[in-house]
Protein chains: 2
Amino acid sequence: MSATARFPLPPGSTLGILGGGQLGRMLAQAAARLGFDVAILEPEADSPAARVAAHCIVGAYDDPKALKALAELCPVVTYEFENVPAVAVERLVGLGVEVAPGALALAVAQDRAAEKRFLNEAGAPTVAFEPADTPEAAAAAALKLGAPCLMKTRREGYDGKGQRWVEHAADAPAVFEALGGRPVILEAPADFVRELSVIAARGRDGAVAVYPLAENHHEKGVLRRSVAPARVAPETAAQAERIAARVLNALDYVGVIGIELFEMAGGKLLVNEIAPRVHNTGHWTQDGCEVDQFEQHIRAVAGWPLGPTHARAQVEMLNLLGEEVETWPKYAAEPETRVHLYGKREAKPGRKMGHVNRLRGPL
Amino acid sequence: MSATARFPLPPGSTLGILGGGQLGRMLAQAAARLGFDVAILEPEADSPAARVAAHCIVGAYDDPKALKALAELCPVVTYEFENVPAVAVERLVGLGVEVAPGALALAVAQDRAAEKRFLNEAGAPTVAFEPADTPEAAAAAALKLGAPCLMKTRREGYDGKGQRWVEHAADAPAVFEALGGRPVILEAPADFVRELSVIAARGRDGAVAVYPLAENHHEKGVLRRSVAPARVAPETAAQAERIAARVLNALDYVGVIGIELFEMAGGKLLVNEIAPRVHNTGHWTQDGCEVDQFEQHIRAVAGWPLGPTHARAQVEMLNLLGEEVETWPKYAAEPETRVHLYGKREAKPGRKMGHVNRLRGPL
């Protein structure tokens with residue numbers, strides 16, 4: 001039997017987190033500040049999150065024994081990544097666990113076609129897109145959208161993986177095969193001016209809280225740098241808040257969500273994708289806000305009131321990728337820079353090893 | 001063999017902490033943010049700090065096996081309380097471990113007579129005092145200082161324990177026996193206007209960084225409330241900075257120190273006592289400063305540069321004692337209040353269960 005959740009979940013309860021990476025680690029630290037114990041379920045031993053958590057269950061995310069052990073400790077479970085197997089959530093729910101964000105948010109986030117359909121229905125605009133399950137359908141979709149267009153696998157893929165440009169419609173079948181011959185979607189190119197993102201939260205009472213927008217810069221598909229609050233027109237901020245509220249309410253969402261946006265030339269925002277979890281472009285909130293995205297997420301899933309989301313300072317967040325982590329002494333010596341390192345053992349190329357938040361003075 | 005410390009200690013190293021209470025817990029969390037693993041040595045299993053640390057060694061602080069196990073993991077060890085047995089530090093140093101703050105700071109902080117002598121020699125004024133090892137000496141001391149005066153055991157005693165008022169010099173022998181017949185000191189009463197404290201740090205390079213003063217309010221010898229930055233005259237702040245620098249330099253100190261002060265009617269500051277560790281009156285720095293006292297302490301002992309100490313906001317810190325922790329929903333619902341809970345299992349009367357930092361707007 002699992003412990004039964006009552007909300008607000010009292011301190012001293014144990015919160016479960018699926019995933020032991022840096023997001024799980026920072027969630028675990030936020031939960032501990034609020035007096036919770038944390039249990040991590042993660043396939044690898046000695047994960048970054050396990051080293052700051054009271055309990056670690058080492059096992060596959062869909063391992064029934066591991067999930068049972070987690071359910072026995074935790075009335076409430078959340079996760080740090082969107083590719084949680086649906087069966088894991090089903091099992092946990094079957095064992096009486098409250099899983100947040102819920103199954104709908106996961107299902108939508110795991111399938112790029114379902115995601116874009118959902119977004120458009122919720123009143124959150126996206127680029128034009130076409131799903132395709134065969135090489136022929138891919139060619140037809142490329143013709144319909146016009147080349148160049150972007151082909152992405154419907155499932156999995158993150159940080160720019162699982163996607164390729166289709167330069168000419170005739171290339172579409174080959175690109176389809178190169179992506180593994182799996183179902184894909186094709187997207188019209190977004191002729192955007194900037195990449196922005198909005199981090200927002202919805203509580204168990206339906207309250208919505210939205211952080212200021214971040215402006216993001218990617219390299220090779222990986223986030224390198226965010227600046228927040230982004231300098232935007234008031235109407236742009238209002239658009240982002242409307243989009244966040246529509247998405248959160250349509251998903252009957254509980255927790256923090258990351259919404260990646262394209263800012264188009266006329267000022268219109270399109271949703272690129274949503275991540276049903278805390279988000280790399282929200283790390284600036286750790287040093288720029290009173291309640292950061294990690295505590296906000298824990299507050300939401302634990303049924304506590306949401307905290308304030310206004311910025312206290314402007315922040316430039318830089319990811320430390322791979323061996324860049326070796327530059328920590330430089331950042332440690334900058335008075336305006338806060339260092340956040342994840343305790344990963346091996347600095348593989350491109351791996352997110354840490355980040356720094358540079359405070360750029362008052363707003 | 002222990003790992004050999006090289007400074008600055010690189011992330012990925014394991015830092016040892018003697019003591020598994022709330023101060024150890026908050027130190028462990030700060031260390032993890034900087035990418036360190038933490039090992040706690042603590043006699044009780046399931047301590048607040050152990051639940052957020054990578055390693056926990058359960059054992060007495062002077063247990064040679066436990067200390068050896070700690071030394072094998074940790075090139076650098078610190079502590080959360082001043083009553084660390086001297087033999088524990090000697091053993092760790094003998095095993096090649098860098099212990100900070102060092103043995104001198106501990107020796108001074110463990111003996112109220114040595115402490116006051118040291119302070120006066122360092123140019124940090126205190127009330128008049130007299131040590132006494134016998135009932136007769138206690139009576140003579142009370143006559144010399146004048147009654148009423150305060151008798152305190154030379155060793156141990158914190159949060160108002162181990163001390164009593166001597167109303168008349170003739171009562172001194174009885175009070176001496178009531179305190180256990182152990183060596184004591186008698187102190188002239190401090191006719192103070194306010195209780196203040198200063199939290200300061202000294203790095204391995206000798207750099208000193210001082211936080212703004214806090215104004216403190218005690219009840220029954222236990223801290224109830226601090227407000228910081230305290231509203232003080234510039235000369236008072238300058239006095240506090242001079243005292244902190246003198247004390248830190250005279251101890252060749254590494255780490256954060258808490259210095260409790262009496263503000264006298266004319267504005268002069270007297271040192272009440274020093275604590276060679278992070279301090280309850282410095283908890284406001286978690287939400288009032290960019291680098292809090294916990295990260296500052298880790299930076300110092302790890303040989304990193306010290307961080308900035310200016311205030312970003314005025315903060316009122318309230319301790320949650322015993323069953324007061326049950327009022328957490330009230331504080332969780334206040335937008336301006338940050339909640340910090342320690343994960344202690346049992347709310348014994350007067351026990352420090354958590355604290356809240358109320359942000360009282362910009363400076």
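Throughout, read-outs are computed from the coordinates displayed, never taken from laboratory work. Keep in mind the model is a prediction, meaning the values are calculated, not measured. Cβ sites come from the backbone with ideal geometry, for glycine too, and all protein chains shown count toward neighbours.
Around B:Ala147, with a cut-off of 13 angstrom between Cβ atoms, what is the net charge of the other residues, counting Lys and Arg +1 and Asp and Glu -1? Summing Lys/Arg as +1 and Asp/Glu as -1 gives -2. Put simply, the C-alpha atoms of the stretch B:197-279 give a gyration tensor, and the ellipsoid matching it has half-axes of 21, 15, 11 Å, longest first.
Legend: ranking of residues B:Trp284, B:Trp304 from fewest to most surrounding C-beta atoms inside 10 Å; resulting order B:Trp304, B:Trp284.
With q set to 0.22 Å⁻¹, the log10 of I(q)/I(0) for the stretch B:300-353, from the Debye formula over equal scatterers at the Cα positions, is -0.86. Annotation: average projected area of the stretch B:128-187 is 3.3 square nanometres, based on the convex hull of Cα atoms across all directions.
What is the ratio of the Cα radius of gyration of the stretch A:5-156 to 2.2 N^0.38 Å, where N is its residue count, to two decimals? My calculation over the Cα atoms of the stretch A:5-156 gives 1.27. Projection of the Cα convex hull of the stretch B:11-80, averaged over all directions and equal to a quarter of that hull's surface, yields 3.7 nm². The ranking of A:Glu90, B:Glu263 by Cβ neighbour count inside 10 Å, starting from the fewest, reads A:Glu90, B:Glu263. Just so you know, the Rg over Rh for the stretch A:192-359 is 0.97, from Cα atoms, with Rh as the Kirkwood radius. In this structure, the residue pairs whose Cα-Cα separation is over 27 Å, taken from A:Lys144/A:Lys268; A:Lys152/A:Lys268; A:Lys116/A:Lys268; A:Lys352/B:Lys352; A:Lys161/A:Lys330; A:Lys161/A:Lys348, are A:Lys352/B:Lys352; A:Lys161/A:Lys330. Here's the list of lysines a cross-link from A:Lys68 could span, going by alpha-carbon distance under 29 Å and ignoring same-chain residues fewer than 8 apart: A:Lys344, B:Lys344. Using a Gaussian network for chain A with springs between C-alpha atoms less than 10 Å apart, which of these wobbles most: A:Pro276, A:Pro329, A:Pro11? The residue with the greatest mean-square fluctuation here is A:Pro329. The base-10 log of I(q)/I(0) for the protein assembly as shown, evaluated at q = 0.10 Å⁻¹, reads -0.98 [Debye formula, identical scatterers on Cα atoms, solvent excluded].
In this structure, the amide hydrogen of A:Gly21, modeled 1.01 Å from its nitrogen in the peptide plane, lies closer than 5 angstrom to those of A:Ala49, counting only residues at least 5 positions away or on a different chain. Across chain A, C-alpha contacts under 8 Å between residues 6 or more apart give a mean separation that, scaled by the residue count, equals a relative contact order of 14 percent. Taking amide H positions as placed in the peptide plane 1.01 Å from N, state which residues far from B:Val77 in sequence (5 or more) or on other chains have amide H under 5 Å from it. So B:Val77 has HN proximity to B:Gly16, B:Glu98, B:Val99, B:Ala100.
By the helix-only formula, in which each DSSP H run with n ≥ 4 contributes -39500 (n - 2.57) and the sum is divided by residues, chain A has a 222 nm mean residue ellipticity of -8000 deg cm²/dmol. Take every pair of alpha-carbon atoms less than 8 Å apart whose residues are at least six positions apart; their mean separation over the length of the stretch B:161-236 yields a relative contact order of 18 percent. A point 7 Å from Cα along Cα→Cβ stands in for A:Asp46, and the other copies hold the same point at 2.9 nm, listed in rising order.
With a Förster radius of 56 Å applied to the beta-carbon distance between B:Glu167 and A:His218, the computed FRET efficiency rounds to 0.15. Neighbour counts of other Cβ atoms within 10 Å put A:Val93, A:Val184, B:Val166 in the fewest-to-most order A:Val93, B:Val166, A:Val184.
Per residue, the convex hull spanned by the alpha carbons of the stretch A:112-213 comes to 121 Å³. Convex hull volume per residue, computed on the Cα atoms of chain A, equals 132 Å³. Remark: label point of B:Thr327 defined 7 Å out from Cα along the Cα-Cβ vector; separations to the same position in other copies 4.8 nm, ascending. A straight Cα-to-Cα reach below 20 Å connects B:Lys65 with the aspartates and glutamates B:Glu42, B:Glu44, B:Asp46, B:Glu90, B:Glu98, residues fewer than 8 places away in its own chain not being considered. Distances from A:Asp62 to itself in the other copies, using label points 7 Å out along the Cα-Cβ axis, amount to 5.8 nm in increasing order.
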